[in-house]
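What follows is a single structure, written as structure tokens, with notes after it.
The values are calculated or read from the model by the stated rules, or taken from the named source; none is laboratory data. Keep in mind it's a predicted model, so treat the numbers as computed, not measured. In this analysis, Cβ positions are derived from the backbone assuming ideal geometry, glycine residues included, and neighbour counts consider all displayed protein chains.
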Amino acid sequence: MTRLAVCGGVYSNPYALRAFLADARARGADELYCLGDLGGYGAEPDAVWPLLVDNGVTVVAGNYDVAIGRGDTDCGCGYSDPRDNEFAQLMYDFTLAHTSADYAQWMTTLPTERRFERDGVDVHLVHGSTLALNDFWWESLSAEQQSLRVSQSGADLIMCTHSGLPWQKRIDDTLVVNVGVLGRPANDGRREVWYALIDLVDGRATAELVPLDYDWQAQAASMRAGGLPEAFVETVESGWWTTCLEIVPPYERSKGRYQLYRSALPSGFETEAVSWADAPEVVDDGLPVVPLFGSPMFPPRLWVYTNFHCNLACSYCSVASSPQARKRSLGLERVKALVDEAVMEGFTEIYFTGGEPFLEPDIVEMVMYATERLDVVLLTNGMLYQGWRLEQLKRLAGRERLVLQTSIDAASADGHDVNRGRGSWQKAMDGLRLAVDMGLPVRVGMTETPENTGEVEPLRALLAAIGITGKDFAVRPLVQRGFSTAGAEIGEENTVPELAYTADGVHWHPAGADVETSPDMLLAAHPSADSPLPLAEGKRLAVERFLTLRRADGSLPLVYNCAV
């Protein structure tokens, strides 16, 4: 048996390289390899050279090493976005200026790939991929693209780096291992860096990806002392990438903390006709990047469909609720677990909706549990405040962090009942006044149609008379979803995500949370009734989908919020 220890992307980080050398030897490595990109990111490029030479590390040149050796004007990293290239250029200029002539000359002697046989295994070492020195071999590449890269070699084992993210996969008959990099963390929130241990035995290769602890505090201090941008140091200290994001594919980028450059975020949401909820404020923390989640592009608001059956059958219900609808009740215990997940994942508010939530016997218990942990809006048609339900409603009086939101579409019964059923306006108004008299915070949302446009101001005046004013009354556009055959056409390609959770799965947007009428907005179904999809994965899927759609033409979508 032969054991290889293989690292990539030292990135001028002598502290991690020393840890690699010690750890690899302690784990019984027979041969040590480095797959290139010796400089960049860190402040001490020349400190790396003697560690490699004195410890017998066999090196493959990366694009950085080729560029430094030739004295090129840029790193040839393979970025296409100007913001990625801006940060890459800052780092390359520093590295070129701080690399000695002898070290740069030594880099010119390095081959850009190596191939050999050990213990009956054909081993191929490259930097980027078998296609090009600066090709990014991502785990998420299609099967066709993976096979293309493997076919260019034909080796039993191919090892690469360059992308900075470790992974391994058997592709056809070849084991492919991206060994990760030593120079910075793998965008996983850990300060450790990664390398690979390879065992070659009787014609077969197996790999272990090894997380490596090292003196990251010393690396961060060195970078600050060298005057490098704070955004680079932040990655070393936090484990999250803060630069060169646009090159990263949606799947890989969705796993990180940051997805967008701050400069890419649009502004002026309050002036958009399709936007009538407050856009989340993006705090300027000095970093050039922001998370997608928590920004105006993905508000930290979770919609929870407690059920889908309803006492009404509104003609334009976007999720096709009615007395005959499949119930799809979540139940108290599942809602409580979901609330706990929401808090853990950084959601700041929950909107309980349906169907009619007051048809659920435990709706008040759900609300009370949730309001102990985050802000809650309970959407209801306000028509069921009688008997036992009225007694339950009284329990919510004075409850902090709670708002009741009711739909009223006109200042009189005619404009409301035509879409929601005869007698519904009077019952809804009675319920609204009852809630106001009980001291419950109340909002009203009006769905505007071509027929009731003239009702906006009369309804505003009517509501003001009972104390509902300002932002507590909002007008939302009709959307063409569910029962509605008219209105704005919305989909994941032109709206930002507002995650909606149902008994069926996790959905892109609450206006499309009915799997029967809006299957295109289902991000993922629950694996089974007893194994719900984790909310963290639903959130990641929304981020990945957003980035995939955005990448198609580089644009950002409109904002259509259901929330007041």
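A few notes on this one:
- A22 meets the conditions (1) small (G, A, S); (2) surrounded by fewer than 24 Cβ atoms within 10 Å (Cβ to Cβ); (3) touching a Cys at 6+ places or on another chain (Cβ under 6 Å) in every case but one. The failed one is (3).
- Index of the failed condition, G56 passing every other in (1) in a loop (DSSP other than H, G, I, E, B); (2) under 38 Å from the mean Cα position of the chain (by Cα): (2)
- Leading residue by the ranking (surrounded by the most Cβ atoms within 10 Å (Cβ to Cβ)) among those in the stretch 69-99 that are part of a helix (DSSP H, G or I) and among the polar types (S, T, N, Q): T95
- Within the stretch 154-189, being closer than 25 Å to G239 by Cα, of a type in the set (K, R) and either surrounded by fewer than 19 Cβ atoms within 10 Å (Cβ to Cβ) or in contact with a His (Cβ under 8 Å, 6 or more places away or on another chain) (or both) holds for one residue alone: K169.
- Among the residues of the stretch 335-368, those identified as more than 20 Å from P300 (Cα to Cα) and assigned to a loop (DSSP other than H, G, I, E, B) are G355, E356, E360, P361, D362.
- Qualifying residue in the stretch 44-54 (condition: more than 25 Å from H124 (Cα to Cα) and either in contact with a strand residue (DSSP E or B) (Cβ under 6 Å, 6 or more places away or on another chain) or of a type in the set (A, V, I, L, M, F, W, C) (or both)): yes
- Residue in the stretch 440-448 that is crowded, with 21+ Cβ neighbours inside 10 Å, assigned by TED's automatic domain parsing to the domain that holds L404, at pLDDT 95 or above and more than 33 Å from the chain's Cα centre (by Cα) present: no
- Those strands (runs of 3 or more DSSP E) lying entirely in the stretch 369-452 with at least 1 residues hydroxyl-bearing (S, T, Y): 402-407, 442-448
- Figure legend. Inter-residue proximity from the stretch 232-250: first residues assigned to a helix (DSSP H, G or I), second residues among the hydroxyl-bearing types (S, T, Y), beta-carbon distance below 6 Å, spacing 6+ or different chains. Indicated pairs: E234/T242; T235/T242; P250/T548.
- Of the criteria (1) at pLDDT 95 or above; (2) touching an Asp or Glu at 6+ places or on another chain (Cβ under 7 Å), which one V559 fails: (1)
- Condition check for T406: within 39 Å of the chain's Cα centre (by Cα), within 30 Å of L523 (Cα to Cα), of a type outside the set (G, A, S) and surrounded by 19 or more Cβ atoms within 10 Å (Cβ to Cβ): yes
- The set of residues in the stretch 200-259 that are surrounded by 15 or more Cβ atoms within 10 Å (Cβ to Cβ), more than 28 Å from F298 (Cα to Cα) and β-branched (V, I, T) contains only V210.
- Residues (farther than 29 Å from P250 by Cα and either loosely packed, with under 15 Cβ neighbours inside 10 Å or touching a residue at least 60 places away in the same chain (Cβ under 8 Å) (or both)) located in the stretch 115-153: R115, F116, E117, R118, D119, G120, V121, V123
- Selection from the stretch 190-199 of residues that are surrounded by fewer than 22 Cβ atoms within 10 Å (Cβ to Cβ) and farther than 18 Å from V233 by Cα: L197, D199
- Of all residues in the stretch 278-317, those satisfying the criterion of being of a type in the set (S, T, N, Q) and surrounded by 22 or more Cβ atoms within 10 Å (Cβ to Cβ) are T306, N307.
- Test: residue in the stretch 524-536 that is in a helix (DSSP H, G or I) and modelled with pLDDT of 95 or more: yes
Here is a yes/no grid of residues against (1) small (G, A, S); (2) within 25 Å of A486 (Cα to Cα); (3) part of a helix (DSSP H, G or I):
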{"site": "F293", "(1), (2), (3)": "no, no, no"}
{"site": "M297", "(1), (2), (3)": "no, no, no"}
{"site": "C314", "(1), (2), (3)": "no, yes, no"}
{"site": "V319", "(1), (2), (3)": "no, yes, no"}
{"site": "L330", "(1), (2), (3)": "no, no, no"}
{"site": "E333", "(1), (2), (3)": "no, no, yes"}
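- Near pairs, Cβ below 7 angstrom, 6+ apart or cross-chain, from the stretch 433-445 (closer than 15 Å to T469 by Cβ) to any residue that is among the small types (G, A, S) and buried (at least 16 other Cβ atoms within 10 Å of the Cβ): V442/A435; G445/S407; G445/A474
- Restricting D514, D530 to those that are in the same structural domain as S318 (by TED's automatic domain parsing), within 15 Å of V304 (Cβ to Cβ) and more than 13 Å from the chain's Cα centre (by Cα) reduces the list to D514.
- Of residues in the stretch 350-360 being without any contact (Cβ under 8 Å) to a residue 60 or more places away in the chain and on the phi < 0 side of the Ramachandran plot, the one surrounded by the fewest Cβ atoms within 10 Å (Cβ to Cβ): L359
- Given (1) surrounded by fewer than 19 Cβ atoms within 10 Å (Cβ to Cβ); (2) within 15 Å of the chain's Cα centre (by Cα), index of the condition L499 fails: (1)
- Taken over the stretch 178-197, residues that are among the β-branched types (V, I, T) and farther than 13 Å from C160 by Cα amount to 1.
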